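Before any comments, here is the structure.
The values are calculated or read from the model by the stated rules, or taken from the named source; none is laboratory data. What you see is a predicted model, and the numbers here were worked out from it, not measured in a lab. Note that we place each Cβ from the backbone using ideal geometry, even for glycine, and neighbour counts take in every protein chain shown. The protein model used for the area step is the full one, side chains on, heavy atoms only, and it has no ligands, DNA or RNA in it. Shrake-Rupley method; radii C 1.70, N 1.55, O 1.52, S 1.80 Å.
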Amino acid sequence: MKKIITLIMASVLSVSLFAEKLYVGTNAEFVPYEYLENGKLTGFDVELMELIGQKAGYEIIWKDISFDGLIPALQTGKIDAIIAGMSQTTERQKAVDFSNPYLYFKSEHLVLVNNKSSLNNKEELKNKIVGVQLGSLQEEFATKLGAEVRPYNSFLGALMDLENNKIDGVIIADKTGYEYLKSMKTLKILDKITDNYPGASIALKKGSLEKVEKINDILENLKNTDEYNNLVIKYFPEKNN
């Protein structure tokens, strides 16, 4: 029996030692996609990427990087992939290769203001100061509204300035926004913006066609499985039909 156990352990160790390392960048400030819980990286994206790694034979090595630094890190070879709730945009498609979307439901974004704000809807943010995370999709939404965009390294910095009336609004992904609203009682929802871009995708360095195809095949096979659906139920229970 001991010999069998020893052989199994050796086999597992061998697989781990010879698995291809995939350095994956994320930004652990985006509940429920990726965040730190008791100092440990977790979230929908994190568990999904680990699952993809198991099926593709990759050992996932995580790198926590500011959101605006993710694509530069990918382009310079510091990481091999990005998973960070990142939507495909025309500009990003010029810089990186994307997998197929891995979320199969529409997402919304909250327009948050201070409770004392006199604004009635998102259109009234024209020429107002709106805080967004640097390099995020919300930056484009604010620009389309005609707002004066103020980029931050993190959503928390923008929301703290909103609490202190230093800016007029913040645009943030709905699920993340609801999490912050639990503790930031001086803020409220002014309006919502529907995300018309394809769902979040995994980004890889330009020319990584083999990896993109491998990941796409795994995502397609996972789509209707319990493994995938259980992650949706865990992190997006309201999206599970």
Give me the residue from the range 142-168 that is among the hydrophobic types (A, V, I, L, M, F, W, C) and farther than 20 Å from Leu70 by Cα and, out of that set, surrounded by the most Cβ atoms within 10 Å (Cβ to Cβ). Ala142
Could you look through the range 184-205, keep only residues that are at pLDDT below 95 and under 30 Å from Tyr23 (Cα atoms), and pick out the one that is surrounded by the most Cβ atoms within 10 Å (Cβ to Cβ)? Ala200
Checking Ser107 against (1) modelled with pLDDT under 95; (2) in contact with a Leu (Cβ under 8 Å, 6 or more places away or on another chain); (3) not basic (Lys, Arg), which single condition isn't satisfied? (2)
Condition (residue is of a type in the set (Val, Ile, Thr), outside any strand (DSSP E or B) and at pLDDT 95 or above) applied to the range 43-56: is it met by at least one residue? yes
When you go through (1) buried (at least 19 other Cβ atoms within 10 Å of the Cβ); (2) assigned to a helix (DSSP H, G or I); (3) at pLDDT below 95 one by one for Glu238, which number turns out not to apply? (1)
Selection count where residues are in a strand (DSSP E or B) and surrounded by fewer than 19 Cβ atoms within 10 Å (Cβ to Cβ), scope the range 106-123: 1
In the range 152-179, the residues that are under 19 Å from the mean Cα position of the chain (by Cα) and free of Cβ contacts under 8 Å to residues at least 40 places away in the same chain: Tyr152, Gly157, Ala158
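Quick grid of which residues meet (1) under 30 Å from Phe98 (Cβ atoms); (2) part of a loop (DSSP other than H, G, I, E, B); (3) not small (Gly, Ala, Ser):
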position: Gln138; (1), (2), (3): yes, no, yes
position: Thr143; (1), (2), (3): yes, no, yes
position: Gly146; (1), (2), (3): yes, yes, no
position: Met160; (1), (2), (3): no, no, yes
position: Lys185; (1), (2), (3): no, yes, yes
position: Lys188; (1), (2), (3): no, no, yes
position: Asp191; (1), (2), (3): yes, no, yes
Extreme residue, modelled with the lowest pLDDT, among residues of the range 62-86 that are open to solvent by 40 Å² or more (accessible area, probe 1.4 Å) and not in a loop (DSSP other than H, G, I, E, B): Asp68
I want to confirm something. Restricting to the range 169-183 and keeping residues that are open to solvent by 60 Å² or more (accessible area, probe 1.4 Å) and charged (D, E, K, R), which single residue is nearest to Tyr235 (Cα to Cα)? Glu179
